[in-house]
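Enquirer: First, the structure itself, so that you have it in front of you.
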Amino acid sequence: MSAVVDFPVKTEARPYIDTARGNIGEPDWLAQHRRRALARFAEQGFPSRRGEAWRYLDLRALEAKPLPPTSSLGPASRANLDTIGFPGSAHRLVLVDGRFSPELSALSELPAGVWFGSTRAAIEARPDLVEAAVEALSQQRDQPFASLNAASFSDGFVLDIAPGVALDEPIEILHLASGEVSASFHTRNLARVGADSRVRLIETFTGTGRYWRNNVLALRLADRAALDRVVMVEEAEDALHLAIFDAVLGRAARLTSFALLLGGETVRHEAVVHSEGEGAFCGLYGAFLASHHQQTNIVTTVDHAAERGETREVFKGVAAGRAHGAFQGRITVRPGAQKVDAHMLSRNLLIGRRAAIDTKPELEIFADDVKCSHGAAVGDLDEAALFYLLARGIPREQARRILIEAFIREAVEIVEDAALRERLLARLARRLAVLEE
Amino acid sequence: MAASIDTLDTVRALSQEGYKYGFVTDIEADEAPPGLSEETIRFISVKKEEPEWLLEWRLAAFRAWQKMTPPNWAKLNLTPIDYQAASYYSAPKRNTGPRSLEEVDPELLRTYEKLGIPLREREALAGVAVDAVFDSISVATTFKEQLAELGIIFCSFGEAVREHPDLVRKYLGTVVPQNDNFFAALNSAVFSDGSFAYVPPGVRCPMELSTYFRINAAKTGQFERTLLIADKGAYVSYLEGCTAPQRDENQLHAAVVELIAHDDAQIKYSTVQNWYPGDAEGKGGIYNFVTKRGACRGDRAKISWTQVETGSAITWKYPSCVLEGDHSVGEFYSVAITNNRQQADTGTKMIHIGKGTRSTIVSKGISAGRGQNTYRGLVRVQPRAVGARNHTQCDSLLIGERCGAHTVPYIEIRNPTARVEHEATTSKISDDQLFYCRQRGLSAEDAVSLIVNGFCKEVLKELPMEFAVEAQKLLAVSLEGSVG
């Protein structure tokens with residue numbers, strides 16, 4: 001059936017309206033959520049580059065060739081699963097083309113008080129969690145794709161940890177694309193960590209073919225909860241990857257996030273953090289390596305609403321070939337949020353004659369007793385360092401690779417788990433080998 | 001915590017201090033009726049006895065403006081301006097044009113005296129040529145003859161249109177096109193007068209050129225237009241200073257300044273801006289929407305902007321440099337103070353186009369009371385700008401817990417050989433610093449003054465002597481004793 005719409009629809013939004021029909025058998029409350037979200041998206045359409053939030057992302061290719069969601073499914077292939085994922089992962093949830101794959105997933109038993117499963121399963125089992133996931137970002141004006149996601153999501157993962165549970169084994173999520181269908185995959189996810197609880201999340205995004213992945217993750221950290229997330233984005237050459245997480249931090253909660261962005265034609269990694277509890281810590285780290293025609297955006301918004309919050313942001317970027325890399329970060333300190341200590345650093349290497357780097361580290365401060373700073377740098381490789389290596393007989397090409405690797409490596413060092421870190425570095429090395437300068 | 005209490009006291013004291021320059025000169029004005037239409041523009045053009053081409057130029061700007069909407073991206077909170085309620089032309093009644101100071105209306109001279117700009121004294125002592133702009137028409141130009149001997153043209157814009165139409169026509173709108181932005185288009189359509197200077201090749205202008213702006217007649221917008229050209233190897237330093245009488249109604253000011261520097265030329269443009277900022281509740285005060293841009297057209301040209309912004313209710317101003325010539329240099333030094341309910345959204349744009357171009361940005365923002373201070377800057381390196389360099393430093397100082405300091409830098413790099421660095425910090429005057437100073441016998445007031453002056457030193461040292469003194473006085477007036 002064709003959806004009957006009674007709200008204004010922007011032209012570029014039209015292909016997504018008919019396909020965003022509700023799934024048969026879903027409860028009414030969810031159908032209503034979806035409908036409201038669809039109306040928001042239809043009215044807003046694609047974000048304009050004239051607006052600040054999407055200034056550095058070119059979405060014309062997607063506008064010209066829309067990728068509406070589809071109900072057909074690609075086959076689940078077990079091949080390469082262990083090279084893609086983390087070997088021997090005890091808690092692995094696999095999503096293929098935006099849908100939970102029970103065959104590929106390995107869900108060992110978890111301690112009492114932990115609920116972990118697909119979003120679709122949670123609709124029946126834990127509607128409260130799904131509702132929390134769907135409501136994330138619904139009030140944000142400049143997030144039309146989050147609205148589209150809320151209207152169209154097919155599946156995702158939901159993790160709920162009761163207070164006082166420390167999970168030692170990391171939770172792993174693999175987001176795969178089979179290459180069988182050319183479509184958009186909208187996934188909606190939630191990780192809720194109870195007071196004094198602790199968890200690590202490892203997520204990998206990869207696939208083949210031309211597709212658009214639109215991933216929204218809600219993170220809810222209660223008082224003194226800790227969540228450590230490591231993301232690896234290695235999407236297919238022709239793929240679009242737009243991912244956003246929306247985090248709310250309770251008192252003395254600790255959120256650390258690291259993202260290594262290597263693959264995908266268009267990649268946007270966005271973090272929205274509401275530091276609402278006193279003394280919360282937010283660490284946002286990451287690196288991108290963009291080459292050929294890739295465009296990679298990192299966007300962060302940290303809103304300090306409480307006193308004594310702390311934020312650390314370090315992002316490193318490399319743009320080679322004809323690639324376009326951009327960092328847009330904003331730290332806001334609200335009135336009364338005294339004693340906030342925030343620092344943001346954006347360092348970039350521009351090594352292609354036709355490559356481009358944009359960076360916009362922004363501070364918005366409404367309280368006086370704060371320590372806030374930011375730094376940004378864009379430049380080529382350090383001539384002195386290069387000379388040093390050349391003088392030792394290392395060929396120029398190799399010397400450059402060494403320096404680029406060292407540049408990004410510094411960012412990866414933030415990952416504490418040694419095995420995981422080595423894995424990320426191996427992926428980085430593989431990517432460097434095909435770097436177009 | 002005594003310090004913060006002192007701070008509050010100081011701010012309070014400051015806000016209660018009346019505006020020293022708040023008075024109204026009672027002079028009959030020859031005014032256009034309120035409203036803006038093609039008719040208004042024709043009226044202005046006729047009043048100013050302008051050539052046909054300039055009228056056409058104004059009308060093209062007006063037509064562009066009609067299709068534009070006011071920019072809303074700045075971090076400014078203002079009530080929408082009714083452009084039809086303002087009057088777009090006002091001239092002092094005696095429009096025969098005084099030839100010397102003796103002919104100038106004594107009422108005007110007294111006004112300037114109240115402002116501390118005794119023309120005669122300056123003429124004699126300071127060696128500064130003052131092109132005094134009262135409302136919209138120039139009333140006195142001094143030192144013109146001395147300048148003329150060197151071939152330097154320095155006159156009102158209107159006079160330049162009459163006497164040097166070719167120069168004006170050649171350069172007008174080449175840096176800031178008529179349709180550049182909403183306020184520039186408005187200015188282009190209705191600009192009343194302003195200053196024009198041309199320094200011929202190889203000439204070093206021996207004195208600082210200077211203009212004082214005033215806004216006087218009620219409901220009269222002020223639309224100045226400044227055009228400054230430094231030909232090959234020339235040097236000129238230009239001073240601009242402003243104060244305005246106290247008004248309860250918001251007054252709009254939308255100026256345009258265009259600078260052009262040819263090969264090896266240098267232009268130094270300094271501004272001390274002290275317009276009426278409105279009262280403690282933010283009532284009244286000048287709305288200042290200015291488009292200032294300089295083009296380094298030639299190789300090794302240099303344009304340097306220095307500004308000390310203490311006035312205006314709203315400041316929207318981004319003095320920029322377009323570095324077209326190879327190895328050209330752009331500089332921007334700024335101190336912006338916002339107090340009470342003042343809002344400033346200011347910064348610069350450095351557009352690197354030529355090879356080996358360099359730019360430096362130093363911005364110091366001081367927020368007190370409920371002031372909101374935003375630095376907004378763009379550094380763009382175009383693909384051809386091999387070896388471009390930029391260093392940006394923007395620091396914010398917060399005084400009191402209800403003010404805001406914001407930094408919005410845009411860095412857009414299209415050439416791999418570029419080296420661009422940006423640093424920004426935000427802090428307050430620490431209790432430790434104050435305690436240290438007071439322990440050594442300084443009053444709270446002096447301590448703050450000392451710290452603020454130190455904070456701004458990098459910028460103040462760029463000002464010409466004549467202005468440095470005035471600027472320091474202004475800082476002191478704006479914040480003295482304020483930050484116990």
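The values are calculated or read from the model by the stated rules, or taken from the named source; none is laboratory data. Because the structure is predicted, anything quoted here is derived from the model rather than measured. Don't worry about glycine lacking a Cβ; one is built from the backbone with ideal geometry, like all the others, and counts go over all protein chains shown. Surface areas here come from the heavy atoms of the whole protein model, side chains and all, with no ligands, DNA or RNA. Shrake-Rupley method; radii C 1.70, N 1.55, O 1.52, S 1.80 Å.
Enquirer: Tell me whether chain A comes out rounded, prolate or oblate; compute the Cα gyration tensor, take square roots of the eigenvalues as a ≥ b ≥ c, and use a/c under 1.5 as the rounded threshold. Before the final figure, lay out the partial values.
Expert: Values: a/c = 1.37, a/b = 1.23, b/c = 1.11.
Taking the square roots of the gyration eigenvalues as a ≥ b ≥ c, chain A is rounded.
Enquirer: While we're here: For the stretch A:163-171, in order, what is each residue's ³J(HN,Hα) by Karplus, 6.51 cos²θ - 1.76 cosθ + 1.60 with θ = phi - 60°, in whole Hz (x at glycine and Pro)?
Expert: Rounded to whole hertz, the list is x, x, 10, 10, 8, 7, 6, x, 9.
Enquirer: For labels at B:MET68 and A:GLU43 in the simple 7 Å Cα→Cβ model, what's the distance in nm?
Expert: The two pseudo-label positions are separated by 3.1 nm.
Enquirer: For the protein assembly as shown, what is the convex hull (Cα atoms) projected area averaged across all directions, in square nanometres?
Expert: Numbers: hull surface 163.6 nm².
Spelled out: convex hull of the Cα atoms, projected over all directions, averaged, 40.9 nm².
Enquirer: Still on this structure: Please check which bits of the stretch A:41-78 a label hung off A:ASP238 would reach, taking the label as a point 7 Å along Cα-to-C-beta and the cut-off as backbone N under 15 Å.
Expert: Taking a point 7 Å out along Cα→Cβ of A:ASP238, the residues of the stretch A:41-78 whose backbone N falls under 15 Å are A:61-68.
Enquirer: Give me the percent of accessible area attributable to carbon and sulfur for the protein assembly as shown, probe 1.4 angstrom. Please report the intermediate quantities before stating the final value.
Expert: Details: 17250 of 34660 Å².
Within the protein assembly as shown, the accessible surface is 50 percent carbon and sulfur.
Enquirer: Exactly which trypsin sites (Lys or Arg not before Pro) in the stretch B:421-456 are in a DSSP loop and have at most 16 other Cβ atoms within 10 Å? Present the calculation step by step, with values, prior to reporting the outcome.
Expert: On the way: sites: B:LYS428, B:ARG438, B:ARG440; in loops: B:ARG440.
Here the sparse-neighbourhood loop sites are B:ARG440.
Enquirer: Taking 0.36 nm per residue of separation and subtracting the Cα-Cα distance, what length does fully extending A:ALA166 through A:GLU63 add?
Expert: Numbers: separation 103, 0.36 × 103 = 37.08 nm, distance 4.46 nm.
So the extension gain works out to 32.6 nm.
Enquirer: OK, next. Accessible area drop of at least 10 Å² (1.4 Å probe, protein heavy atoms): which residues of the stretch A:316-349 qualify, relative to the chain alone?
Expert: Checking the loss per residue gives A:GLN338.
Enquirer: For B:LYS349, list long-range residues whose amide hydrogen, built 1.01 Å from N in the peptide plane, is under 5 Å from its own amide hydrogen.
Expert: Amide H neighbours of B:LYS349: B:SER320, B:CYS321, B:LEU378.
Enquirer: Quick one: check the C-alpha center-to-center distance for the stretch A:288-331 versus the stretch A:90-106, whole angstrom.
Expert: One Cα centre to the other: 29 Å.
Enquirer: How far apart, in nm, are the 7 Å Cα→Cβ label points at A:LYS371 and A:ALA426?
Expert: Taking the two extended label points, one gets 4.0 nm.
Enquirer: Ignoring ligands, DNA and RNA and using a 1.4 Å probe, state the total buried accessible area between A and B in Å², rounded to the nearest 100. Intermediate results must be reported in sequence, preceding the final value.
Expert: Working: alone 17840 and 19430 Å², together 34660 Å².
The summed interface area works out to 2600 Å².
Enquirer: Over chain A, with the other protein chains present, what is the accessible area per residue in square angstrom, probe 1.4 angstrom?
Expert: On the way: 16560 Å² over 437 residues.
It amounts to 38 Å² per residue over chain A.
Enquirer: Other chains' Cβ within 10 Å of B:294-304 residues: what's the mean? Spell out each step's value before the answer.
Expert: On the way: counts 0, 0, 0, 0, 0, 0, 0, 0, 0, 0, 0.
The shielding value for this peptide is 0.
Enquirer: Rounded to the nearest 0.05, what FRET efficiency do A:ASP380 and A:ASP28 have when you use their Cβ-Cβ distance and R0 = 51 Å? Provide the component values of the computation, followed by the final result.
Expert: Values: r = 58 Å, r/R0 = 1.14.
So, using R0 = 51 Å, E works out to roughly 0.30.
Enquirer: Another question, if that's okay. What are the ³J(HN,Hα) values, in whole Hz, obtained from phi via the Karplus relation 6.51 cos²θ - 1.76 cosθ + 1.60 with θ = phi - 60°, for each residue of the stretch B:259-269 in sequence order, with x given for Gly and Pro?
Expert: Taking θ as phi minus 60°, the curve returns 10, 10, 10, 8, 3, 6, 7, 9, 10, 10, 10 Hz for the stretch B:259-269.
Enquirer: Shifting gears a bit: Apply the Karplus parameterisation 6.51 cos²θ - 1.76 cosθ + 1.60, with θ equal to phi minus 60°, to every residue of the stretch A:204-216 and state each ³J(HN,Hα) to the nearest whole Hz, in sequence, with x for glycine and proline.
Expert: 10, 10, 7, x, 10, x, 9, 7, 10, 9, 10, 10, 10
Enquirer: Sequence-distant or interchain residues sharing an amide H contact under 5 Å with B:SER210, placed H: which?
Expert: Placed amide hydrogens put B:ALA129, B:ASP131, B:LEU239 under 5 Å from B:SER210.
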